[in-house]
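J.: Quick one: this structure, given as structure tokens, is what I'll be asking you about.
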Amino acid sequence: MDKKVPSLMVIIHEILGNIAADDEWKALHRKMAGEGRVYTVSFSRLESERSRLLKKLPELNEEIGINLKRGAELHNGDVLYCRANEIMLLARIEPEEVMVLTFAGQGHEDALFEAGVRLGHALGNQHWHMKVAGKKVFVPVTLDRKVMESVMKTHNIPGVEYSFTTDDASQVSQEKPGCFSHPGHSHHPGA
């Protein structure tokens, strides 16, 4: 049986739901996936934090436009588009290696404050994007691990421990929603 997929040039203005968070979407997803009518749209972490972009859907030989409200962020399992009994488009955030920073022990409030300021200085001085989620700081690995380890060893911030892991976009998202951020600035006067 040759299924006919309707032609798309869809503009996504809002996330309809999430198959992990909503039982009705989960049930509809299960039904439509069984019929081969679910398509996954893969996004890098950086793309998932953008509110406007264009994505190609090679499986369908089509494109979709993403035009979400400023500050919106895509998560794994977000339902981007659904025309019942025809097609469902789901977001998938590609795994990414991150450095996870934690504050070890139950230090005195002054020591924790100093460690936080020193860590913020160290990360900011490197222009590294970061996300504070719960009691962890996540930093995408954009350089060789050895370079990032060298920076952390050079700063040697007491009470701060780090490790590397591959984040499947659920670890950071479950901790606290929000985007990786880097406050923009310039080292040039008047810029």
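J.: Going by a ≥ b ≥ c, the root eigenvalues of the Cα gyration tensor, does the range 96-175 fall in the rounded group (a/c under 1.5), the prolate group (a/b larger than b/c) or the oblate group?
T.: It is oblate, given that a/c is not under 1.5 and a/b is not larger than b/c.
J.: For the range 9-93, what does the alpha-carbon gyration tensor say about shape, rounded, prolate or oblate, given a ≥ b ≥ c as the root eigenvalues, a/c under 1.5 as rounded, and a/b over b/c as prolate?
T.: oblate
J.: Using DSSP to define loop residues, name the trypsin sites (Lys or Arg not before Pro) in the range 66-119 whose beta-carbon has at most 13 other beta-carbon atoms within 10 Å.
T.: In loop regions of the range 66-119 (DSSP not H, G, I, E or B), the sparsely surrounded trypsin sites (Lys or Arg not before Pro) are Lys69, Arg70.
J.: Could I ask something else about it? For an R0 of 22 angstrom, estimate the FRET efficiency from the Cβ-Cβ distance between Ala20 and Glu161 and round to the nearest 0.05.
T.: 0.15
J.: Where does each of Phe138, Phe113, Phe103 land when they are ranked from fewest to most other beta-carbon atoms within 10 angstrom?
T.: Arranged by neighbour count, lowest to highest, Phe138, Phe113, Phe103 become Phe113, Phe103, Phe138.
J.: Taking only C-alpha pairs under 8 Å that are 6+ residues apart, what is the relative contact order of the range 9-93 in percent?
T.: Contact order relative to length: 40 percent.
J.: Same structure, new question: Expressed as a rounded percentage, what relative contact order does the range 96-175 have, with Cα pairs under 8 Å and six or more residues apart?
T.: 54 percent
J.: Order by neighbour count: Leu74, Leu46, fewest other Cβ atoms within 10 Å first, most last.
T.: Leu46, Leu74
Read the figures in this text as sums done on the coordinates, not as results from a lab. Just so it is clear, the model here is predicted, and its values are computed rather than measured. For neighbour counting, all protein chains shown are included, and Cβ atoms are generated from backbone atoms with ideal geometry for every residue, glycine included.
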